[in-house]
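> This is the structure I want to talk about, given as structure tokens.
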Amino acid sequence: MKLYEYMAKELVARYGVPVPRGRMATAPEEAASVCRELGPVVVKAQVLAGGRGRAGGVQFAATPEEAAARAARLLGSQVRGLPVDRVYVEERLTIERELYLGFAVDASLRRPLLIASAVGGMGIEEVPERDIVREPVSVSWGLQLHQAREVARRLGLRGEPARSFADMALACYRAFAELDAEILELNPLAVVQGRLVAADARLTVDDDALFRQEGLPRVREGTPLEEEVRSLGLSYVELGGDIAVMANGAGITMATLDVLEHLGGRPMNFLDVGGGAAAESMARALEILVRTGPRVVLVNIFGGITRCDDVARAILQAREAVGTDVPLVIRLTGTNEEEAVALLRSAGLAAYRSMEEAARAAVATAVGAGEGGRGADPR
Ligand code: GDP
Ligand code: MN
């Protein structure tokens, strides 16, 4: 789960990381009143993506009127393709220098990794690899003071800034570990009058740890339908084309999307019912997909423990239950595949045992529908 910047800042502040004073606002008047209280401010779009600065999502305002105007422009707009429904208004800092400090879980090292750079801010992507300091952290011992000091030294920091950086890194690591974070990033970590302040914060918490992170706010990351389908335990992602995809397992799902793209098709969304899914949950998934209004639904199922003929029967039942005329193209492979394909074909459905044939049929159906094959498309 990704948290908004203002949430991440409030959390790291509890661990002793200095952050600018600020407040979240959902209306221009609120932004104005924060500015009245704090003086010149930065108005920052709260979206669950980085790179807001370059996308115009970070704006300066010197007066309450300006703050209201900036907030009015951002609220209701999109930044990095995401709708802005709240802004964070915080005191404007006079930044002397921008550093980078982050922690992430390194899967191959199987450890948390401290990542730091003496040059941070919006240009972090362009910093050459050799200028980035990486320090693995022991899960048992946590980040040690001597490690943090050594990182500061490698960044070229001396004296007070070096001490301040080491304290900051220790505080951040405590937050990272205690909050079950996957990523905690302060970029820029700003130098203001010789002291370090987190001018931006990004925090992603491990979904599998949310059960024990009851104190954390819950953030809705997807569209309402994505959230609804995910709450059923299915992975569902909207993409934007016209072919709905259902498959069972991450590998077969990604392969299906690749084959469709390869053949010139445009997936509209995908729903992965998971490797061990029973026929009933596949039927449920199919109903959901049909309601998203695609030109065609492509179903690609490997039937092992769940037999293909059971899947075929569930599909037929689901289709009947929804009463849809959205074309279905079904690929079934595995146990009892011949019987399953015969069953679907005798019901008049396009059924195949090969993924490529099915994908071709789905693309052809989508194109045909687009060219008026299904008549005037109401969408
Ligand atoms: P991001 O682009 O989504 O990472 O958003 P940031 O919060 O990092 O803001 C982008 C850039 O705006 C930063 O790299 C800073 O250079 C600048 N910025 C953000 N807050 C302040 C501030 O309070 N004062 C000043 N002078 N610059 C800021
Ligand atoms: Mn940033």
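The values are calculated or read from the model by the stated rules, or taken from the named source; none is laboratory data. Predicted model only: the values in this text are computed from it and were never measured. Here the Cβ positions follow ideal geometry from the backbone for every residue, glycine too, while neighbour counts run over all protein chains shown.
> Take region 9-44 and flag every residue that is more than 18 Å from Ile95 (Cβ to Cβ), in contact with an Asp or Glu (Cβ under 9 Å, 6 or more places away or on another chain) and in contact (Cβ under 8 Å) with a residue 40 or more places away in the chain.
Once the filter is applied, which keeps residues that are more than 18 Å from Ile95 (Cβ to Cβ), in contact with an Asp or Glu (Cβ under 9 Å, 6 or more places away or on another chain) and in contact (Cβ under 8 Å) with a residue 40 or more places away in the chain, region 9-44 yields Tyr15, Gly16, Arg23, Met24, Thr26, Val34, Cys35.
Yes or no, residue by residue, for (1) within 26 Å of Glu337 (Cα to Cα); (2) more than 21 Å from the chain's Cα centre (by Cα):
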site	(1), (2)
Glu226	no, no
Ser231	no, no
Leu239	no, no
Met254	yes, no
Asp258	yes, no
Gly265	yes, yes
Ser281	yes, yes
Val299	yes, yes
Gly303	yes, yes
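> Among the residues of region 295-334, how many are polar (S, T, N, Q) and at pLDDT 95 or above?
2
Results for (1) within 16 Å of ligand 1 (Cβ to nearest atom); (2) of a type outside the set (Gly, Ala, Ser); (3) surrounded by 12 or more Cβ atoms within 10 Å (Cβ to Cβ), shown as yes or no for each residue.
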| position | (1), (2), (3) |
| --- | --- |
| Val191 | yes, yes, yes |
| Val197 | yes, yes, yes |
| Leu225 | no, yes, yes |
| Ser231 | no, no, no |
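> Sticking with this structure for a sec: Quick check on my filter: what residues within region 79-118 are small (Gly, Ala, Ser), within 15 Å of ligand 2 (Cβ to nearest atom) and more than 22 Å from the chain's Cα centre (by Cα)?
If the condition is that a residue be small (Gly, Ala, Ser), within 15 Å of ligand 2 (Cβ to nearest atom) and more than 22 Å from the chain's Cα centre (by Cα), then Ala116, Ser117 are the ones that fit.
> Still on this model: When region 107-122 is examined, which residues are found to be on the phi > 0 side of the Ramachandran plot and more than 15 Å from ligand 1 (Cβ to nearest atom)?
Matches in region 107-122: Arg110 only.
> Can you pull out the residues in region 132-179 that are crowded, with 20+ Cβ neighbours inside 10 Å and not hydrophobic (A, V, I, L, M, F, W, C)?
Hits for region 132-179 are Gln147, Tyr173.
> For region 43-73, name all the residues that are part of a strand (DSSP E or B), out of contact with any helix residue (DSSP H, G or I) (no Cβ under 6 Å at 6 or more places or on another chain) and buried (at least 22 other Cβ atoms within 10 Å of the Cβ).
Lys44
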